[in-house]
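Peer 1: Here it is, the structure in full.
The values are calculated or read from the model by the stated rules, or taken from the named source; none is laboratory data. All values derive from a computational prediction rather than experimental measurement. Cβ: placed from backbone, ideal geometry, glycine included. Neighbour counts: every protein chain shown. Quick note on the areas: whole protein, heavy atoms, side chains included, nothing else; ligands and nucleic acids left out. Shrake-Rupley method; radii C 1.70, N 1.55, O 1.52, S 1.80 Å.
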Amino acid sequence: MITPRMPVEMSETEGGRVFFARSRRAPDRDSEIRLVSVGVDIGSSTSHLAFSRIVLQRRGNRTRIVRRELLHESDILLTPYGDGEIIDTEALGRFIGRQYEKADIDPDMIDTGALILTGIAARQGNARAIGDLFAHETGRFVAVAAGDGLETTLAAHGSGAVAASARDGARVMNIDIGGGTSKIAVCEAGAITDLTAVDIGARLVCLDAGGRVSRLEPAGMVFAEAAGVTLRVGGMPPDGALAAIVERMAGSLFEVCGGAAMSEMTRGLLRLPALGAAAVPDQLCFSGGVAEYIHGREGRRFGDLGPLLADAVAVRMRRWGPAMRFADEGIRATVIGASQYSVQLSGNTIFIEPASVLPLQNVPVIVPDFDFGDDIGPEAIAQAVTIALRRLSLDATTQPVAVGYRWQGPATFARLDAFCAGLAPLLVPGVPLVLVGQGDVGGLVGIHCRAERHMAQPVVSIDGVIVREFDFIDIGEILQVSGGVPVVVKSLVFPQAVSQP
C-alpha cells in the first residue's frame, strides 16, 4: 500500500516567523517516512525504469534510509533514435507511459526520483527534449543528468557491490560495462573508496542486419587502429577484426582495473582520474549490459560487441585471481541505484521562501572555515565565506552557491544575527541564498535571514544533509509526505594519494 501524501502547511510561531511543518502529524508516523521513488535511466544503448518504496527514519539530526523495496522493474528498451543521433522522444514517451501502467503506479503517486541521462542522451538537444517529457515531474526529479562519477556510484550500489563489501568484509570491485563506457568502483566496508571510468563499451562498433558497420565511435576507431584493423561505416569488417578489437578493449579494461601497467592509449581513454595504487580486490562484481552475457543471463545479439567483449573480459579477469561475484543486478544496476540510493532527505525544520525557487540543480558547495565560538563575529564569517568562494573561483559567479556549515553552540538571537550578517558576500540580487546545515537550525537561520536581516533574494535554508567542498547538489520541491526536500549530492572524486614506501 502506498502511503498517501500529507499536505504541507506554513505555521506561524511567535513573532510571525514561518516554519514549514507537516500537518496532522501523528506520533506513530513521526519515526517513519515512506516515499515512492522512480529511477529512469536513458542511455545511448538502452532505457529503462525502476520503481521503489523507500522507508526513512529520523536518527539524531539526520533522516536516514532504513529499508528499500523494489516495487517494479520495467522492460528494457533499445533507446530509439530518429534522424542521426537524435533520440525519438515520442517513442520514448510511449514506452515510459506503458511502464507506469504495468507498474500500476500513477505519476502523481511518485514522491521523488532521478532521471539519469548518459552518453548521447545527455547531449544538449536530447537532454532538453527528454526533459520536456518529464516537465510535469519538475521538482520531484532532482537529478537530470549523471556525470561519470555519479553513474559509477549508482551502479556500484545497484549491483550490490557496496553492500557485499560490508557484509563479507571484502574489498569488492564493481565493473559496470555499458554501451559506451565502463565504470569501475572499489568498495570497502560499505563505502566506495575509489572509482574511475573509461571509454570502453559494447556499442563503440555496431553492425546492421547485413553485418556492415553502422556505427563507429571515436574510441572504437582507437581500438581498431591499435588492433591493426581498418573499419569504415557501411563497410564489412575484415575477418577476425572484431575479435582483435575486443581483445584490445579487454586488455585496456584490465589495465584500468589495476591488473597491468597502463598504456598511454588506455590513459587517453580515461574519463576520470585513474584508480589509486591499492591491493588486488577480493571480489569482482560485473554490472551493465555486458554483464548479462558474462553471467549467462542473455543470449541474444543486438548488433554490437557485447557477447565478444564479455567473453574476452571474463577470460582476463578469471586469470587475474579475484573471486567472481554474481551481481544482484546487471543491466539494471544503475537504474536500481537511481531509484533507491541517489536521494537524501533534508530535515523538516527548513525555510524556503518563495517555494517557487525550487528546484535548484547543480549548485556548487563551499564549506567555509567558520568559527562558532562563544562570540560569532560577522566580519570573520564574511572573511571565511570570501576565502571559500575564491578557493573554488566562485567569487565572481552569479549562480547560486550552497554554503555547507556545522552549527555549534546555542542558536541565540545575537549568534544567529552575526552569522546571517556575515553571509553578505553571497548576497547577489535575484540569486538564491542556499544554506545547508548540520543540526536542527535550518529553519531558524532561514527565518532570521528574511525576517531580521530583511534579505530580498530567495532563501533556501535546509538541514540534515552532509556536504563537502567540491560537491554539487540538486534540491527538489518540498515533499508533502514529510515537509522536507529531496537532495542529491554529487561528489567529485579525486585519485587516492599513493603511499610512499
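Peer 1: Among the candidates Arg267, Arg271, Arg232, single out the residue that is of a type in the set (Lys, Arg), at pLDDT 95 or above and open to solvent by 40 Å² or more (accessible area, probe 1.4 Å).
Peer 2: Details: Arg271 fails: at pLDDT 95 or above; Arg232 fails: at pLDDT 95 or above.
Result of the check over Arg267, Arg271, Arg232: Arg267.
Peer 1: Answer yes if at least one residue in segment 235-244 is open to solvent by 30 Å² or more (accessible area, probe 1.4 Å), part of a loop (DSSP other than H, G, I, E, B), in contact (Cβ under 8 Å) with a residue 24 or more places away in the chain and in contact with a Pro (Cβ under 7 Å, 6 or more places away or on another chain), and no otherwise.
Peer 2: No: zero hits.
Peer 1: Quick check, is Ile387 on the phi < 0 side of the Ramachandran plot, touching a residue at least 24 places away in the same chain (Cβ under 8 Å) and among the hydrophobic types (A, V, I, L, M, F, W, C)? Steps first, please.
Peer 2: Working: on the phi < 0 side of the Ramachandran plot: yes; touching a residue at least 24 places away in the same chain (Cβ under 8 Å): no; among the hydrophobic types (A, V, I, L, M, F, W, C): yes.
The answer is no for Ile387.
Quick grid of which residues meet (1) among the charged types (D, E, K, R); (2) open to solvent by less than 10 Å² (accessible area, probe 1.4 Å); (3) free of Cβ contacts under 8 Å to residues at least 24 places away in the same chain:
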residue: Ala185; (1), (2), (3): no, yes, no
residue: Val205; (1), (2), (3): no, yes, no
residue: Arg215; (1), (2), (3): yes, no, yes
residue: Pro218; (1), (2), (3): no, no, yes
residue: Ala224; (1), (2), (3): no, yes, yes
residue: Gly228; (1), (2), (3): no, no, yes
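Peer 1: Would you check if there is a residue in segment 195-202 being under 20 Å from Cys257 (Cβ atoms), among the hydroxyl-bearing types (Ser, Thr, Tyr) and open to solvent by less than 10 Å² (accessible area, probe 1.4 Å)?
Peer 2: Let us first name the residues in segment 195-202 that are under 20 Å from Cys257 (Cβ atoms), namely 195-202.
Pick out the ones that are also among the hydroxyl-bearing types (Ser, Thr, Tyr) and you get 196.
Still in the list and also open to solvent by less than 10 Å² (accessible area, probe 1.4 Å): 196.
Within segment 195-202, one or more residues are under 20 Å from Cys257 (Cβ atoms), among the hydroxyl-bearing types (Ser, Thr, Tyr) and open to solvent by less than 10 Å² (accessible area, probe 1.4 Å).
Peer 1: For segment 58-168, which fully contained strands (runs of 3 or more DSSP E) count at least 1 residues that are within 17 Å of the chain's Cα centre (by Cα), at pLDDT below 80 and surrounded by fewer than 22 Cβ atoms within 10 Å (Cβ to Cβ)? Reasoning before the result, please.
Peer 2: Values: elements: 62-73, 112-117, 141-143.
Because the criterion is at least 1 residues that are within 17 Å of the chain's Cα centre (by Cα), at pLDDT below 80 and surrounded by fewer than 22 Cβ atoms within 10 Å (Cβ to Cβ), the strands (runs of 3 or more DSSP E) in segment 58-168 that meet it are 62-73.
Peer 1: Having 1 or more residues that are polar (S, T, N, Q), open to solvent by 10 Å² or more (accessible area, probe 1.4 Å) and in contact with a Gly (Cβ under 9 Å, 6 or more places away or on another chain) is the bar; report the strands (runs of 3 or more DSSP E) wholly within segment 413-476 that clear it.
Peer 2: Working: elements: 433-438, 459-463, 472-475.
Because the criterion is at least 1 residues that are polar (S, T, N, Q), open to solvent by 10 Å² or more (accessible area, probe 1.4 Å) and in contact with a Gly (Cβ under 9 Å, 6 or more places away or on another chain), the strands (runs of 3 or more DSSP E) in segment 413-476 that meet it are 433-438.
Peer 1: For Asp304, all conditions in the list (1) surrounded by 19 or more Cβ atoms within 10 Å (Cβ to Cβ); (2) at pLDDT below 90 hold save one; what is the number of the exception?
Peer 2: Looking at each condition in turn, Asp304 falls short on (2).
Peer 1: Filtering segment 349-373 down to residues that are out of contact with any helix residue (DSSP H, G or I) (no Cβ under 9 Å at 6 or more places or on another chain) and in a loop (DSSP other than H, G, I, E, B), which residue is modelled with the highest pLDDT?
Peer 2: Of all residues in segment 349-373, those out of contact with any helix residue (DSSP H, G or I) (no Cβ under 9 Å at 6 or more places or on another chain) come to 354-365, 373.
Then drop every residue that is not in a loop (DSSP other than H, G, I, E, B), which leaves 354, 358-359, 373.
Details: Pro354: 93, Leu358: 89, Pro359: 86, Gly373: 79.
Step by step, filter segment 349-373, then rank; the result is Pro354.
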